[in-house]
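Take a look at the structure set out below.
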Amino acid sequence: MERINTIGRRKTAVARIYMQPGNGTITVNGKELNTYFPTEVLQIITRQPFATVKADATYDVKVNVRGGGVTGQAEATRMAISRALVEANAENRPALKKEGFLTRDSRMVERKKPGRKKARRRFQFSKR
């Protein structure tokens, strides 16, 4: 099996991953996973697909992620890894689908409107 290339998106974050058989190393933008995502919650989010299909320490993953914040980047990475696991083995699909890792979360920040302070917030109204 050669390298699998997939993409995942969340908010404005886009994660492109390259997955190949290995010993479970995850590299994000040239850094170790623990260095790039310092909090344990973000590391767990990134590793969730492997735990779901019980494929820990079987694939090496190289991630290029840009845009958005750290949470959006972690969730985009999770989606990309899930897609790669399905591409590697189609039997992984039902378990990952049940957890919701293959569903694109399309919620984005609403744009600011002209004549308003923010997207919906109006300027303070003065009667007199």
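Rule-based calculations on the coordinates, nothing more; no lab input. Just so we're clear, the structure is a prediction, and the values are computed from it rather than from any experiment. Virtual Cβ from ideal backbone geometry, glycine too; neighbours counted across all protein chains shown.
Tell me yes or no: at least one residue of region 48-71 is in contact with a helix residue (DSSP H, G or I) (Cβ under 7 Å, 6 or more places away or on another chain), part of a strand (DSSP E or B) and among the small types (G, A, S). Taking every residue of region 48-71 in turn, none turns out to be in contact with a helix residue (DSSP H, G or I) (Cβ under 7 Å, 6 or more places away or on another chain), part of a strand (DSSP E or B) and among the small types (G, A, S). Picking from residues in region 42-97 that are under 15 Å from G24 (Cα atoms), small (G, A, S) and in contact with a Leu (Cβ under 8 Å, 6 or more places away or on another chain), the one that is surrounded by the fewest Cβ atoms within 10 Å (Cβ to Cβ) is A55.
In region 1-27, how many residues are of a type in the set (S, T, N, Q) and assigned to a strand (DSSP E or B)?
Looking only at that region, the number is 4.
Looking only at residues in region 98-116 that are assigned to a loop (DSSP other than H, G, I, E, B) and over 15 Å from the mean Cα position of the chain (by Cα), the one that is farthest from T27 (Cα to Cα) is G115.
Scanning region 15-32 for residues that are farther than 22 Å from E91 by Cβ and surrounded by 20 or more Cβ atoms within 10 Å (Cβ to Cβ) turns up A15, I26, V28.
Against the list (1) at positive phi; (2) surrounded by 15 or more Cβ atoms within 10 Å (Cβ to Cβ); (3) free of Cβ contacts under 8 Å to residues at least 40 places away in the same chain, the condition K11 fails is (3).
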